[in-house]
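Chemist: First the structure, which I've put down as structure tokens, then a few questions once you've had a look.
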Amino acid sequence: MTDGPVEGRPGQLKVFLGYAAGVGKTYQMLDEGRTRAQAGIDVAVGYFEPHGRRDTIARAEGLELIPRRRVEYRGTTFEEMDVDAILARRPALCLVDELAHTNVPGSALEKRWEDVQLLLRAGLDVYTTMNIQHIESLNDQVYQFTGVRVRETVPDWVIRQASEVVMIDLTPGALRNRLARGVVYAPEKASQALEQFFQEPTLAALRELALRQTAHEVDARQSEPAVPPSGRAPAEGPATAAEKVLILVTDDPATAAVIRRGRRVADYLKAECFAVVVCPAGDLGRLPASAREAVEHHLTFARNLRVDTRVLAGKDPVDAVIEFAHRQGISQILVARPQATHPHHGAFRSDLVFRLIERAKDFQVAVVARREPRQP
């Protein structure tokens, strides 16, 4: 971190990662911000959400709070982080709570993590907070643990660009005790939370996931530079990787889970990652309308995760995929497990996966299971 923004130098990002509300992420972010301010660094709070927690509010005292922007939506006034005001103020270090937050419709950008990208590109250093369940590639695992499909997510590349990821840890028992004492939520909400999301097995599973993710982030930073705010990997990274991963995209809803898994596998292997769809003449417009809409949605999702997308021409998707895989030097192919009730749409015949496994002898083919919540 620096005494002030340096012209032409991207800012550095530090993420305080937790596994549930109440573990102390925001408190720790504010506490470290205070320490930096006392050391003479120009610090300002771009946004923080106290949730009525007295200890957290006390940690913000003495720090400059940049006023929020007021947004009218459907007759109600909301408050959002004011990026323009922060950029005009230009603190050396900006504290931004709840990175995964979705901005109110009508905001310039949809997500707070996109706002943070603007701050980083302007040379501001940023401390921010988020929970493990908001990392996009972990969405399916979290759904399996909790039965809750998290809708507010952050692409993995945003976390990889951080110069530092710090896990704020608390045992599930201690967190439940804090909840029962009313430290995290009001008593009526706390009682409901203890019976639902904050059950000890759920918290233990999320905590283990957070510990593994933090260890992975530490290992990644020891072996390669952080991804810059552009979201593009360093030139010496995936371009020289021995492994290459191919994700087969179809109109099957389970494709989203395959894209998440493929992106995560590629990150662990430091591999290039492709999302490939096959259609006649390489023209998505020749697919039935419902299939085209689903495929375009999946391709957009893959691009948001920094996956290289390709549309291949071919009457037989297996032929096209194998030819592409040989040409690109693919080592792993990921496909969704077929579902008996899935409709047949031309190139997406139900036997595709089985024929691909039979013919792709030169590749490792992984069939990604359809995750469902664990039964109690």
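The values are calculated or read from the model by the stated rules, or taken from the named source; none is laboratory data. Just so you know, these numbers come straight off a predicted model, no measurement behind them. Ideal geometry is used to build each Cβ from the backbone, glycine not excepted, and the neighbour counts take in all protein chains shown.
Chemist: (1) at pLDDT 90 or above; (2) surrounded by 15 or more Cβ atoms within 10 Å (Cβ to Cβ); (3) among the hydroxyl-bearing types (S, T, Y): which one isn't true of T146, the others all being true?
Modeler: T146 satisfies all of (1) at pLDDT 90 or above; (2) surrounded by 15 or more Cβ atoms within 10 Å (Cβ to Cβ); (3) among the hydroxyl-bearing types (S, T, Y) except (1).
Chemist: Tally time: how many residues in region 40-63 are under 16 Å from A21 (Cβ atoms) and free of Cβ contacts under 8 Å to residues at least 12 places away in the same chain?
Modeler: 2
Chemist: Tell me yes or no: at least one residue of region 103-111 is of a type in the set (S, T, N, Q) and either part of a helix (DSSP H, G or I) or not assigned by TED's automatic domain parsing to the domain that holds K25 (or both). Give the steps one after another, and end with the answer.
Modeler: Step one: filter region 103-111 for residues of a type in the set (S, T, N, Q), giving 103, 107.
In the following step, the residues that additionally are either part of a helix (DSSP H, G or I) or not assigned by TED's automatic domain parsing to the domain that holds K25 (or both) were identified as none.
Within region 103-111, none of the residues are of a type in the set (S, T, N, Q) and either part of a helix (DSSP H, G or I) or not assigned by TED's automatic domain parsing to the domain that holds K25 (or both).
Chemist: Additional query: Just name the residue that is modelled with the lowest pLDDT out of those in region 259-282 that are more than 26 Å from H216 (Cα to Cα) and not small (G, A, S). Give the derivation first.
Modeler: Going through region 259-282, the residues more than 26 Å from H216 (Cα to Cα) turn out to be 276-282.
The next check asks that each one be not small (G, A, S); those that pass are 276-280.
Numbers: V276: 97, V277: 96, V278: 94, C279: 91, P280: 84.
Across region 259-282, the extreme among qualifying residues is P280.
Chemist: Another question, then. Taking the condition crowded, with 20+ Cβ neighbours inside 10 Å and under 20 Å from R160 (Cβ atoms), does A275 pass? Working first, answer last.
Modeler: On the way: crowded, with 20+ Cβ neighbours inside 10 Å: yes; under 20 Å from R160 (Cβ atoms): yes.
The answer is yes for A275.
Yes/no matrix, rows are residues, columns are (1) modelled with pLDDT under 85; (2) part of a helix (DSSP H, G or I); (3) surrounded by 13 or more Cβ atoms within 10 Å (Cβ to Cβ):
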{"position": "E188", "(1), (2), (3)": "yes, yes, no"}
{"position": "T214", "(1), (2), (3)": "no, yes, yes"}
{"position": "A226", "(1), (2), (3)": "yes, no, yes"}
{"position": "P229", "(1), (2), (3)": "yes, no, yes"}
{"position": "A242", "(1), (2), (3)": "yes, no, no"}
{"position": "L246", "(1), (2), (3)": "no, no, yes"}
{"position": "A257", "(1), (2), (3)": "no, yes, yes"}
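Chemist: What tally of residues in region 76-113 results from selecting those that are among the aromatic types (F, W, Y) and under 11 Å from I66 (Cα atoms)? I'd like the intermediate steps shown before the answer.
Modeler: Looking only at region 76-113, we keep the residues that are among the aromatic types (F, W, Y), and these are 78, 113.
Cutting the leftovers down to under 11 Å from I66 (Cα atoms) gives us none.
Looking only at that region, the number is 0.
Chemist: Report whether or not V116 is assigned to a strand (DSSP E or B), more than 22 Å from R207 (Cβ to Cβ) and in the same structural domain as L17 (by TED's automatic domain parsing).
Modeler: Numbers: assigned to a strand (DSSP E or B): no; more than 22 Å from R207 (Cβ to Cβ): yes; in the same structural domain as L17 (by TED's automatic domain parsing): yes.
The answer is no for V116.
Chemist: Sticking with this one: Which members of region 116-143 meet the condition of being of a type in the set (A, V, I, L, M, F, W, C) and surrounded by fewer than 19 Cβ atoms within 10 Å (Cβ to Cβ)?
Modeler: Start the filter on region 116-143 by keeping residues that are of a type in the set (A, V, I, L, M, F, W, C), which leaves 116, 118-120, 122, 124, 126, 130, 132, 135, 138, 142.
Within region 116-143, L118, A122 meet the criteria.
Chemist: When you go through E98, E49, E79 one by one, which is the residue that is surrounded by fewer than 19 Cβ atoms within 10 Å (Cβ to Cβ), touching a Lys or Arg at 6+ places or on another chain (Cβ under 8 Å) and either on the phi > 0 side of the Ramachandran plot or outside any helix (DSSP H, G or I) (or both)? Show your work before the answer.
Modeler: Details: E98 fails: surrounded by fewer than 19 Cβ atoms within 10 Å (Cβ to Cβ); E49 fails: touching a Lys or Arg at 6+ places or on another chain (Cβ under 8 Å).
Answer to the check: E79.
Chemist: Would you be able to tell me the number of residues in region 24-46 that are within 15 Å of T128 (Cβ to Cβ) and assigned to a loop (DSSP other than H, G, I, E, B)? Step through it out loud before you land on a result.
Modeler: Taking region 24-46 first, the residues within 15 Å of T128 (Cβ to Cβ) are 24-33, 36, 43-46.
Next cut, assigned to a loop (DSSP other than H, G, I, E, B) only: 24.
Summing the residues that are within 15 Å of T128 (Cβ to Cβ) and assigned to a loop (DSSP other than H, G, I, E, B) in region 24-46 gives 1.
Chemist: Keeping to region 297-314, report how many residues are outside any strand (DSSP E or B) and either in contact with a strand residue (DSSP E or B) (Cβ under 9 Å, 6 or more places away or on another chain) or not assigned by TED's automatic domain parsing to the domain that holds F274 (or both). Give the derivation first.
Modeler: Of the residues in region 297-314, the ones outside any strand (DSSP E or B) are 297-307, 314.
Restricting the remaining residues to those that are either in contact with a strand residue (DSSP E or B) (Cβ under 9 Å, 6 or more places away or on another chain) or not assigned by TED's automatic domain parsing to the domain that holds F274 (or both) gives 298-303, 305-307, 314.
Of the residues in that region, 10 qualify.
Chemist: Give the number of residues within region 314-328 that are farther than 20 Å from A254 by Cβ and without any contact (Cβ under 8 Å) to a residue 60 or more places away in the chain. Reasoning before the result, please.
Modeler: Here is the first cut: in region 314-328, the ones farther than 20 Å from A254 by Cβ are 314-316, 319-320, 322-328.
Still in the list and also without any contact (Cβ under 8 Å) to a residue 60 or more places away in the chain: 314-316, 319-320, 322-323, 326-327.
The qualifying residues number 9.
Chemist: Identify, by number, the condition in (1) modelled with pLDDT of 90 or more; (2) in a loop (DSSP other than H, G, I, E, B) that Q339 doesn't meet.
Modeler: (1)
Chemist: Restricted to region 52-71, and to residues that are at pLDDT 95 or above, over 27 Å from the mean Cα position of the chain (by Cα) and part of a loop (DSSP other than H, G, I, E, B), which residue is surrounded by the fewest Cβ atoms within 10 Å (Cβ to Cβ)?
Modeler: P67
Chemist: Moving to a separate point now. Hey, does region 65-72 have a residue that's closer than 27 Å to G40 by Cβ and of a type in the set (A, V, I, L, M)? Full working, then the answer.
Modeler: Let us first name the residues in region 65-72 that are closer than 27 Å to G40 by Cβ, namely 65-68.
Next, only the ones that are of a type in the set (A, V, I, L, M) stay: 65-66.
Yes, that holds for at least one residue.
Chemist: Just one of the numbered conditions (1) at positive phi; (2) in a strand (DSSP E or B); (3) not polar (S, T, N, Q) is not true of Y127; which one?
Modeler: (1)
Chemist: Going by the structure shown, is G33 buried (at least 19 other Cβ atoms within 10 Å of the Cβ), within 23 Å of the chain's Cα centre (by Cα), within 19 Å of V126 (Cβ to Cβ) and at pLDDT 90 or above?
Modeler: Details: buried (at least 19 other Cβ atoms within 10 Å of the Cβ): yes; within 23 Å of the chain's Cα centre (by Cα): no; within 19 Å of V126 (Cβ to Cβ): yes; at pLDDT 90 or above: yes.
The answer is no for G33.
Chemist: Please list, ordered by first then second residue, the pairs with beta carbon atoms under 6 Å, 6 or more apart or interchain, first in region 296-313 and small (G, A, S), second surrounded by fewer than 16 Cβ atoms within 10 Å (Cβ to Cβ).
Modeler: A313/A281; A313/G282
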